[in-house]
Amino acid sequence: MAEKKSFVLRVDSETYEALEKWAADEFRSINGQLEWIIHRALKEAGRTPKKGNPPDKEKPGKKQ
């Protein structure tokens, strides 16, 4: 399993309440809901790293 990183996220109270309700509707914690949303957004944007491949910025020969 990949190491999990933690970070602070600040949102306004209306956004938090909407997220809290959405998470409850999906039987997830708020953290779990945020992970799901982020994973889905990365996948839809084509930015999910393939297993075994380094992220683009670390690929040999790739200009930054």
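Of all residues being more than 30 Å from Lys51 (Cα to Cα), of a type in the set (Ser, Thr, Tyr) and within 17 Å of the chain's Cα centre (by Cα) in segment 1-38, which is surrounded by the most Cβ atoms within 10 Å (Cβ to Cβ)? Just the residue, please.
Of everything passing the filter in segment 1-38, Tyr16 is surrounded by the most Cβ atoms within 10 Å (Cβ to Cβ).
Identify the residue in segment 44-62 that is assigned to a helix (DSSP H, G or I) and modelled with pLDDT under 95 and, among all such residues, is surrounded by the fewest Cβ atoms within 10 Å (Cβ to Cβ). If you could, list the steps in order and put the result at the bottom.
From segment 44-62, those assigned to a helix (DSSP H, G or I) are 44, 56-58; that's our starting set.
Right, trim to modelled with pLDDT under 95 and you get 56-58.
Details: Asp56: 10, Lys57: 8, Glu58: 10.
Applying the filter and picking the extreme gives Lys57.
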Positions within segment 1-30 being of a type in the set (Asp, Glu) and not in a loop (DSSP other than H, G, I, E, B), in sequence order: Glu14, Glu17, Glu20, Asp25
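The values are calculated or read from the model by the stated rules, or taken from the named source; none is laboratory data. As the structure is a prediction and not an experimental result, all values here were calculated from the model. No Cβ is skipped: glycine too gets one built from the backbone with ideal geometry, and neighbour counts run over all protein chains shown.
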